[in-house]
Amino acid sequence: MPIPQTIQQKLLNHAISFGGMAVGAFFAAMAIRIFLIPNELIDGGVIGISLILARLYGSSYLSLFLLVLNIPFVYLAYRYIRRSFVIHMLVAIILFAFFLAVLEYVPSFAADPLEAIVIGGAMLGAGAGFIIRHGGCTDGTEIMAILINRKKGFTVGQVILFINVFIFAAYGWIFEDWHIALRSLMTYIVAFKMMDIVIAGLEELKSVLIMCSKPDKLSKIITHELGLGLTFIKGKGGYSGEDRDILFIIVERLDLAELKEIVLREDPSAFVAIENLHEVAYGRTARIALKRKTRKGFAKGWL
């Protein structure tokens, strides 16, 4: 009996997700075994605590510490987030622990501290980014940060930073060496930045809202001169009460300066609001439009 197309697609999606998490777990484990442990560096969160315990009781127990310390956070994810995420989290943690155990006796790389920080942090961040991008998670502190964000209003980033400051401080205090604590903090910063690049990509996109007195004229000039698609959003002035059109545009960083110059040249009284975009997801129709991308900006007709 043939397998229905929808089931085939789901199986393929799961295979891609778990394959991506396996690649990420391998890279992260390589970074820890080759660069971090030989240079007495740690990461933040549960991984950092596991590395501290492994240095105290033996690196052979690193995988065990990682699994045990993540158990409470797996339960919290199951209880308060969603059960489908728990499956991906469990798979990611088990894969990560497996590769850490398999790679225990891999020879370390003879690197000076700067090389260990940059290369090790970049590999660790890339691996963690692959895991997160494919729906997994290896650090339970992120789960706790999400729950604190819901209850107390602190951002996830603030909570994680607060926890990690204590972890790095404890590391320096336990081993009475603040140099390794500071170097570990630098490694974490490199890993965090690389993880962000892997998850969001290198594209620097901006969303722009333009409030002006000549929206129709300005939209034609922007479309003609920059080749940018745009959207009209219906708005209403809070002070004047007048109905007005707001232009919404997604633009690449390189085109932003020229866009602002055109807007303020045509309407000196215009108001331009610019925000960084973390990610843009494209539907099938938008992808086809992007293939017809003009020399500058996005394809005409998109948005």
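Within the straight-line cut-off of under 17 Å between alpha carbons, the aspartates and glutamates reachable from LYS234 are ASP216, GLU242, ASP243, ASP245, sequence neighbours fewer than 8 places apart in one chain being disregarded.
Using the rule -39500 (n - 2.57) for each DSSP H run of four or more residues, divided by the residues of the chain, the 222 nm mean residue ellipticity is -19500 deg cm²/dmol.
When each of SER50, SER207, SER59 is scored by the number of other beta-carbon atoms lying within 10 Å, the sequence from fewest to most is SER207, SER59, SER50. Among ARG83, ARG33, ARG150, the ranking by other beta carbons within 10 Å of each residue's beta carbon, starting with the fewest, stands as ARG83, ARG150, ARG33.
The length gained by stretching the chain between ILE221 and LYS236 to full extension, at 0.36 nm per residue less their Cα-Cα distance, is 3.1 nm.
Between HIS179 and ARG79, the simple label model (points 7 Å from Cα in the Cβ direction) yields a spacing of 4.4 nm. Across the chain, the mean sequence separation of Cα contacts (distance under 8 Å, 6 or more residues apart), normalised by length, yields a relative contact order of 19 percent. The convex hull drawn around the Cα atoms of the chain, when projected onto a plane and averaged over every direction, covers 22.2 nm². Taking a point 7 Å from the Cα of LYS151 along the Cα-to-Cβ direction, the residues of the range 66-93 with backbone N closer than 14 Å to it are 73, 76-77, 79-81. In summary, the helical segments of the chain meeting the span-like criteria, namely a full DSSP H run, a Cα extent along the axis of 20 angstrom or more and a mean Kyte-Doolittle hydropathy of at least 1.6, are 62-76, 83-102, 156-174. Toward the positive end of the charge dipole of the chain, with +1 on the Cβ of Lys and Arg and -1 on the Cβ of Asp and Glu, the farthest Cα among LEU103, LEU41, ILE249 is that of ILE249. In terms of distances greater than 30 angstrom between alpha carbons, the cross-link table entries LYS236/LYS260; LYS10/LYS151; LYS152/LYS193; LYS206/LYS236; LYS193/LYS214 yield LYS10/LYS151; LYS193/LYS214.
About its Cα centre, the chain has a charge dipole of approximately 1260 debye under the convention of +1 per Lys or Arg Cβ and -1 per Asp or Glu Cβ, with nothing else charged. Quick one: what do you get for the range 98-148 if you divide its Cα Rg by 2.2 N^0.38 Å? Ratio of Rg to 2.2 N^0.38 Å for the range 98-148: 1.44.
Residues TYR78, TYR57, TYR188, ranked from the fewest to the most other C-beta atoms within 10 Å, line up as TYR57, TYR78, TYR188.
No lab work stands behind these numbers, since they all come straight from the coordinates. No experiment lies behind these values; they were computed from the predicted model shown. Quick reminder, even Gly has a Cβ in these numbers, built from the backbone with ideal geometry, and neighbours come from all protein chains shown.
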